[in-house]
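The values are calculated or read from the model by the stated rules, or taken from the named source; none is laboratory data. Keep in mind it's a predicted model, so treat the numbers as computed, not measured. Quick reminder, even Gly has a Cβ in these numbers, built from the backbone with ideal geometry, and neighbours come from all protein chains shown.
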Amino acid sequence: MGKQIGLVGVGAMGSSLLERLFASRHTVKAFDIADTAMTKASNDGAQTVDCAASAAKDVDFVHVFVRTDQEMLDATLGPKGVLEGVSPGCPVILHSTILPDTTRQVASDAAKAGIDVMDASVTSVPRVLRAGGATFLVGGPDEVVAKVRPHLEALGKAVIHFGPVGAGNTAKIIKNYSNVVERVLMAETVALAQAGGLDVLQYLEMAQGVSSGNIIEKWEKALVVEDGTYGPKRAAGLFNKDIHHVAQLGDLLGLDLPLTRGAAKASKNYLEHWAKKDANKDAAE
């Protein structure tokens, strides 16, 4: 049986979530500060209301999907915000990619009124969310997550509970970080190829053909746990020679490659750490 849902934020991601809510046979009260988003939500079948507080009133779950940290604070804690309308017992689910401290601030203020807040950041783009392929990265108390989990599982493909409030935000930010670094790495790689006189497309086709896949997919081969801390597995050739060749080539070609310089510096630090650790081990023996 469908639930009554409050949805604050019906932009690109929020409107995709709206479709998933309808697919699960829920009825939705929606609010957005943008008139165009409100018009679309109304046309799609939502009951549009005049403020976030109205969207959060007399519902079973409240979803908040806004763009920035400040918008989240305004939508939840501000005048006519979610906390002015929501009732105890109705979980407030924050989907935005925001800092953990922002979520914790909302949760702390909400707790004073007996309201449970959890974060459930979404890994997917709008079309994947619409199709039911989203993964929710969750942070919150076990009992709150247990209550909300079946609801979220019906909206996406997976719900992963990382820990207390804010943990889902942390996971999402790090996930996005990996994506950004890969893109910057690709840009620096192409810059090296082009400045080095190579045909860029020929190089990329070669690299694609010999690639052993995304390193995150085989992380067990790249990382090791030492003294309870994750770090790179020792690879003397890569860390002692190859990365420094790359950095030197960039300098010779007159390129500004900050990611490459950072990797070379980090590699040097790891080599020094390993050498010190080995020396201490030998001394102990």
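Quick rundown of the values:
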{"read-out": "Qualifying residues in the range 100-114 (those that are among the polar types (S, T, N, Q) and out of contact with any helix residue (DSSP H, G or I) (no Cβ under 6 Å at 6 or more places or on another chain)) - the one surrounded by the most Cβ atoms within 10 Å (Cβ to Cβ)", "value": "Q105"}
{"read-out": "Breaking point among (1) surrounded by 11 or more Cβ atoms within 10 Å (Cβ to Cβ); (2) among the β-branched types (V, I, T); (3) out of contact with any Lys or Arg (no Cβ under 9 Å at 6 or more places or on another chain), for V224", "value": "(3)"}
{"read-out": "Only listed residue being exposed (fewer than 12 other Cβ atoms within 10 Å of the Cβ), at pLDDT below 95 and not assigned by TED's automatic domain parsing to the domain that holds L152, chosen from E182, E272", "value": "E272"}
{"read-out": "Options D101, D119; residue that is closer than 24 Å to N179 by Cα, in the same structural domain as V10 (by TED's automatic domain parsing) and assigned to a helix (DSSP H, G or I)", "value": "D101"}
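For every residue, the table says whether it meets (1) crowded, with 24+ Cβ neighbours inside 10 Å; (2) closer than 25 Å to A154 by Cα; (3) touching an Asp or Glu at 6+ places or on another chain (Cβ under 8 Å).
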residue	(1), (2), (3)
F61	no, yes, no
V64	yes, yes, no
R67	no, yes, no
E71	no, no, no
G81	no, no, yes
I98	yes, yes, yes
